[in-house]
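Worksheet: the structure to be examined is printed underneath.
The values are calculated or read from the model by the stated rules, or taken from the named source; none is laboratory data. Keep in mind that what you see is a predicted model, and the values were worked out from it rather than measured. Neighbour counts are summed over all protein chains in view; Cβ atoms, including those assigned to glycine, are modelled from backbone coordinates with ideal geometry. We work out accessible area using only protein heavy atoms, side chains counted, and drop any ligands, DNA or RNA first. Shrake-Rupley method; radii C 1.70, N 1.55, O 1.52, S 1.80 Å.
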Amino acid sequence: MTINFECLYFLDSEQLCIIEIKINNLPADAPKKDKFKWLLINKKTLSIKTLQFRSMDSSHEIEERFFDLGYLKFDAQKGVYISKEPTTQYQLENTDGQPIPDVIKEAVSLYLI
């Protein structure tokens, strides 16, 4: 089974990346929690954790997302992710508009199967 998805946000650092994806091959009436997923990817091991979305806040310039595992704040160029346990802060680059690296695409596809 092939999972057809598109990347809505891709925030990147040396250690990890955070992406929001939309899964396209679901029924139109599928719940939003099934269509949209935030994923935390360890770039060294390619291990993936789903970030359970709790809430969001957005303005014209700043986006904020609150998850079970941490907090994400970003704008058009950069962002910061603060993990809950252990409490660690990661500086991220917002790569909006750039293609996702193939190795990340493949890891996400395998994770979603």
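Among the lysines, select those whose C-alpha is under 22 Å from the C-alpha of Lys78, and discard any that sit fewer than 8 residues away in the same chain.
Filter leaves Lys22, Lys37, Lys43, Lys44, Lys49, Lys105.
Compute the label zone of Glu85 within segment 1-37: residues whose backbone N is under 15 Å from the point 7 Å along Cα-to-Cβ.
none
Taking a point 7 angstrom from the Cα of Glu93 along the C-beta vector, which residues in segment 47-87 have backbone N less than 13 Å away?
77-79
How much accessible area per residue does the chain have, counting only protein heavy atoms and a probe of 1.4 Å, in square angstrom? Please list the in-between numbers first.
Values: 7230 Å² over 113 residues.
Normalised by residue count, the accessible surface of the chain is 64 Å².
May I ask you to compute the full-extension gain from Leu46 to Asn24, defined as 0.36 nm times their residue separation minus their alpha-carbon distance, rounded to one decimal in nm?
Net length gain for the segment: 5.6 nm.
Set the Förster distance to 22 Å, then compute FRET efficiency between Lys78 and Leu8 from the Cβ-Cβ distance, nearest 0.05.
Details: r = 17 Å, r/R0 = 0.78.
Efficiency computed from Cβ-Cβ geometry: 0.80.
Carbon and sulfur: what percent of the chain's accessible surface (1.4 Å probe)?
Carbon with sulfur: 51 percent of the solvent-accessible area.
Run lengths n ≥ 4 of DSSP H only: what is the helix-derived mean residue ellipticity at 222 nm for the chain, with -39500 (n - 2.57) per run over all residues, to the nearest 500?
Helix-only estimate at 222 nm: -3500 deg cm²/dmol.
What Kirkwood hydrodynamic radius, in Å, does the chain give when the mean of 1/r is taken over all pairs of distinct Cα atoms and then inverted?
Working: mean 1/r = 0.0691 Å⁻¹.
Final number for the Kirkwood radius of the chain is 14.5 Å.
Starting with the highest mean, order 80-89, 42-51 by the number of other Cβ atoms within 10 Å, averaged over the residues of each peptide.
Output ranking for 80-89, 42-51: 42-51, 80-89.
Which residue fluctuates most in the GNM of the chain (Cα springs below 10 Å): Asp75, Asp102, Asp12?
Evaluated over the chain, the most mobile residue of the options is Asp102.
Report Glu106's accessible area, 1.4 Å probe, all protein chains in place, as a number in Å² to the nearest 10.
120
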